[in-house]
1. In whole percent, how big is the carbon plus sulfur part of the accessible area of the chain, probe 1.4 Å, protein atoms only?
2. Quick one: accessible area per residue over the chain, 1.4 Å probe, rounded to a whole number of Å²?
3. Computed over the Cα atoms, what is the radius of gyration of the stretch 15-103 divided by 2.2 N^0.38 Å, N being its residue count?
4. Mind checking the alpha-carbon convex hull of the chain and giving the volume per residue in Å³?
5. Report the gain in length on full extension from E37 to M1: 0.36 nm times residue separation, minus Cα-Cα distance, nm rounded to one decimal.
6. Using R₀ = 25 Å, calculate the FRET efficiency as 1/(1 + (r/R₀)^6) where r is the Cβ-Cβ separation of R30 and A50; round to 0.05.
7. Quote the relative contact order of the chain in percent (integer), defining contacts as alpha-carbon pairs under 8 Å separated by 6+ residues.
8. Treat each spin label as a single point 7 Å out from the Cα along the C-beta direction, and report the A100 to I124 distance in nm.
Amino acid sequence: MTLLRDRPAGQADVVLMQFGHNDQPGKPGRSTDLQTEFPVNLAGYIDDVAPTGARLVMITPLTRRSFDAQGQLENTLRPWTDATIRVSAEHRVPLLDLNAISHAAVQAMGETEADTLAMAPKPIDAPAQAASAPDRAGASNPVFDRTHLGAKGAQVFSAMVAGQLVVVMPELKRWMR
């Protein structure tokens, strides 16, 4: 916030705001109530950024990459996405629906390819489906999980964000490669 408030005259800043993963239940001390706390927190962050003059873009949560036994990608973050969309509309803040585009892309690539986007390679003896509640809730696992990204996943999803950002804010196109 200090950097935004104290930026040089004429400098334009864009703030990308994305929450949801750690707000889900299962993260003691970090989860928030979806109906009461989560939307209020988002609105508070919007109110914090507004007086700085920075341009804010809200981003819905990136999909987790957990598939069910039938090969369908679960979307446990959709309720947080819907709340983000509502708050964005209420406050007239541009929105990038990363949840929708990442969910469609991960479903299309399938579980095997999606697992290559993880922070660490999937162990050979790992079960086909994520079995543990911490994995589904996004607990950081230094070995393998379907929430956190490695270099390949970061490239895939950052390209999605960059591509959609110029749709939401066309004036940024000249700065994007």
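1. It is 59 percent, rounded to a whole number.
2. 55
3. My calculation over the Cα atoms of the stretch 15-103 gives 1.13.
4. So the per-residue hull volume is 137 Å³.
5. Extra length available between E37 and M1 comes to 10.8 nm.
6. 0.50
7. 21
8. Between A100 and I124, the simple spin-label model gives 4.3 nm.
The values are calculated or read from the model by the stated rules, or taken from the named source; none is laboratory data. All figures in this text were calculated on a predicted structure; none of them were measured in a lab. Every residue, glycine as well, gets a Cβ built from its backbone with ideal geometry; the counts of neighbours run over all protein chains shown. Ligands, DNA and RNA are excluded from the accessible area calculation, which covers all protein heavy atoms including side chains. Shrake-Rupley method; radii C 1.70, N 1.55, O 1.52, S 1.80 Å.
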